[in-house]
Structure formats: structure tokens, C-alpha cells
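**Student:** Pasting a structure here, questions to come.
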Amino acid sequence: MHKLMSNRWTITWLVAPGLTLFLFMVCFPILMSVYYGTTNWTGLGEYQSVGFANYYKVLFEDPIFWRSLWNALLLLLATLALQHPVAILFAILITRAGRLEKTFRTIFFIPAVISIVVTSKMWVSVFHPSYGVLNKVLEQLGLASLKQDWLGDPSVAIWSLIFVVMWQGFGYALLLYYAGLQGIPKDLYEAAELDGAGKITLYTRVVIPLLSPMIRVAVIIAVTTCLKQMETVFLMTNGGPGSTTQFLGNYLYKTAFSSSLYGYGNAISVIFVIICLIITVVMNRALKKDVGQF
């Protein structure tokens, strides 16, 4: 076996199929996008080269692009500051729920397994300004002054959308942290308690540091999810009102396929890929330090 794997031709033939697939399925489409981004192609018919005018426009003359990127950043900050800490807290509570542990675990994971189409349309109905459940409940509670056009008011629409996205993804975050907690040996809990550690000290000084490998995975998943967010946006607001809830994935789709600006849409996609690569490098360096072990 060692002699076989030391043969260069053998290694080449073994690697070639996967490498060829990667080149044609990943690298070649990206290069074609770079090329089409320098044209005024509408997706059909002839087209002309416009140089780097599309790329310049995206970076310096397109406020919707930057608004889309800013919305993705808002979603990421809300996810890391709200969703994940709450998910960790609930994961800890579920592990101490005894006989109800499986029941709570199932209940919290339900939103993650329901179709995005179903949940998005459900929340559109909940947020409806006339017959929506949310405004009806506020009215019944004597809080009619808080009634809003939750998806039509530019000042609150983005936060309503962010809430729905976090609600849909809460089950996955909870499951990740729950799995991480299950991997921590019970002996460590007992040793910490014998040393006089209280509940808060136990979780802040022992459990959370040992949970850091799973936190790292969850953060990476959160970043990729926030950047490529599209389905919920498309189904609930389609980027409106105006462009206040626009995200890059949805903006790219509308530009390339709805507005038939295929060349400009490819320029957006190329810049989007570059931004993702930069964020990936920054995250790898930021999360490179050693994580908790046991």
C-alpha cells in the first residue's frame, strides 16, 4: 500500500477526478462570472464589453448593495448577541430538565424542520397590519399604541425580518450547543462542585470554556447563514419596503433575473465572493487560538 501511494502517477489519477470536478463546478463558473461582469449582457442575445464599469458601479455608486451588506451585518450581530447566548442558556436548562428533556428538545427544534415557505408565510400573516395576530394581541392587552405595519414600515421591517430569521434558526443553534454539552464528561461537573464552585462559576469558568469548540463551529455557521440569507427575505418582503430589508442573495437574484441585468448581477456575485473570502480569512485568524479541551 505504501509503495502504491508513493507512486506519483497513482496519486495523480486518484486526485484527478475530484480536482477536475472542482475546477469545472467551482473555479470555471467563478471565472465566467468575472468575465460576464465586464459585459452588459441581459442573459439573452448579444452583449458588449463595458470593462470594469459594473464593478465600479457596485462598489461606489450602488447604495442598495451596501444596504444589503449592512443588513447582513445587522443580522449577524443580532444572531451572535441574542440568539446564541439564549441558545446556550436553553441548552443548559434542557440538560437539567430530567424527564422533559426530550420533549423540550423536540419543541425548540420544530421551527427548524418546518418548510421555510410555510414559516415565512405564517409570519407574514402574524405581522399583517389589519388582521395580523400580533396587532390583535397588542390591542387586546391595551397596547394599541404599539401596533405597527411590521413589514411595511421602513423603521421596523428589518427588525421584524431579523426576528423571524433568528426564530427559524434557533433550533439548529440550540442543537449544536446541546450536543456540545453532552460531550462534556460529568466528572468535571462533580469535580468543580467538590472544589466549591457555585452554579454561575461552574458554567462560566468550566462549561463555557469547554464548549468553545462548538461555539467556534456555531459562529462560522452563523456567519455563512447571514451572508447567504435569501429565502426568508424573498418570501416575506422581497427586499421592501424600498430596499430597507434587502440582502445580497435576494438583491443578486432580482438584479440578474428580474431586471435582466445579467452582467451587472455577475459583478455583484464576484464582489460578494471576494467579501466572503475576506471574512473567511479574518474569521480563521480570529478563531485560530487554542480552544478548550478535556
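**Student:** Tally Lys and Arg at +1 and Asp and Glu at -1 over the other residues with C-beta under 15 Å from the C-beta of Lys147: what net charge comes out?
**Tutor:** Around Lys147, the surrounding residues sum to -2.
**Student:** Next up: Can you give me the convex hull volume of the Cα atoms of region 120-240, divided per residue and expressed in Å³?
**Tutor:** Details: hull volume 18.3 nm³, N = 121.
Normalising the Cα hull of region 120-240 by residue number yields 151 Å³.
**Student:** Next question, about the same structure. Students often get this wrong, so check it: of Lys102/Lys228; Lys121/Lys228; Lys136/Lys254; Lys136/Lys228, which have C-alpha atoms separated by over 23 Å?
**Tutor:** Beyond 23 Å: Lys102/Lys228; Lys136/Lys254; Lys136/Lys228.
**Student:** Quick check: residue separation of Lys121 and Arg8 times 0.36 nm, minus the Cα distance between them. What number comes out in nm? Could the numbers behind the result be given before it?
**Tutor:** Details: separation 113, 0.36 × 113 = 40.68 nm, distance 5.59 nm.
Using 0.36 nm per residue and subtracting the Cα-Cα distance, I get 35.1 nm.
**Student:** Please arrange Val207, Val113 by accessible surface area, largest first, computed with a 1.4 Å probe and ligands excluded.
**Tutor:** Val113, Val207
**Student:** For Cα Rg over 2.2 N^0.38 Å, which listed value, (i) 1.26; (ii) 1.39; (iii) 1.02, comes from the coordinates shown?
**Tutor:** (i)
**Student:** Oh, and also: Using a 1.4 Å probe, how large is the accessible area of Asp149, given in Å² and rounded to the nearest 10?
**Tutor:** Asp149 has an accessible surface of roughly 70 Å² with all protein chains in place.
**Student:** Which residues make up the longest stretch of the chain that has no trypsin sites (Lys or Arg not before Pro) in a DSSP loop with at most 13 other Cβ atoms within 10 Å?
**Tutor:** Of all site-free stretches, the longest is 97-287.
**Student:** Now a separate question. Could you state how much accessible area Leu181 has, in square angstrom rounded to the nearest 10, with a 1.4 Å probe and all protein chains kept in place?
**Tutor:** Per-residue accessible area (Leu181): approximately 10 Å².
**Student:** What full-extension length gain, to one decimal in nm, is calculated for Trp70 and Tyr35 as 0.36 nm per residue of separation minus the Cα-Cα distance? Walk me through the numbers on the way to the answer.
**Tutor:** Details: separation 35, 0.36 × 35 = 12.60 nm, distance 2.68 nm.
So the extension gain works out to 9.9 nm.
**Student:** Another one. Given R₀ = 41 Å, what would the calculated FRET efficiency be for Val217 paired with Ser49, taking r from the Cβ atoms and rounding to 0.05?
**Tutor:** Taking R0 as 41 Å, the efficiency between Val217 and Ser49 is 0.40.
**Student:** Compare His128, His84 by solvent-accessible area with a 1.4 Å probe and give them largest first, with all protein chains kept in place.
**Tutor:** Numbers: His128 55, His84 15 Å².
Result, largest first: His128, His84.
**Student:** Net charge near Asn135: determine it from the other residues with C-beta under 10 Å of the C-beta of Asn135, scoring Lys and Arg +1 and Asp and Glu -1. Each step should come with its number before you reach the end.
**Tutor:** Values: positive: Lys136, Lys147; negative: Glu139, Asp149.
Local net charge: 0.
**Student:** How far apart, in nm, are two points set 7 Å out from the Cα along the Cα-to-Cβ line at Leu146 and at Ile107?
**Tutor:** Here the modelled spin labels are 2.2 nm apart.
**Student:** Compute the longest continuous run of the chain that contains no exposed GluC sites (Glu not before Pro); treat a site as exposed when its DSSP state is not H, G, I, E or B and it has at most 16 other Cβ atoms within 10 Å.
**Tutor:** For GluC sites (Glu not before Pro) (loop position, at most 16 other Cβ atoms within 10 Å), the longest site-free span of the chain is 62-294.
**Student:** Determine, from the Cβ-Cβ distance of Leu287 and Tyr56 and an R0 of 35 Å, the FRET efficiency 1/(1 + (r/R0)^6), rounded to the nearest 0.05.
**Tutor:** Given R0 = 35 Å and the Cβ-Cβ separation, E is 0.55.
The values are calculated or read from the model by the stated rules, or taken from the named source; none is laboratory data. Everything numeric here is computed off the predicted structure, so don't read it as measured data. Every residue, glycine among them, receives a Cβ derived from its backbone with ideal geometry; neighbour counts consider all protein chains shown. Side chains included, ligands, DNA and RNA excluded: accessible areas come from the protein's heavy atoms. Shrake-Rupley method; radii C 1.70, N 1.55, O 1.52, S 1.80 Å.
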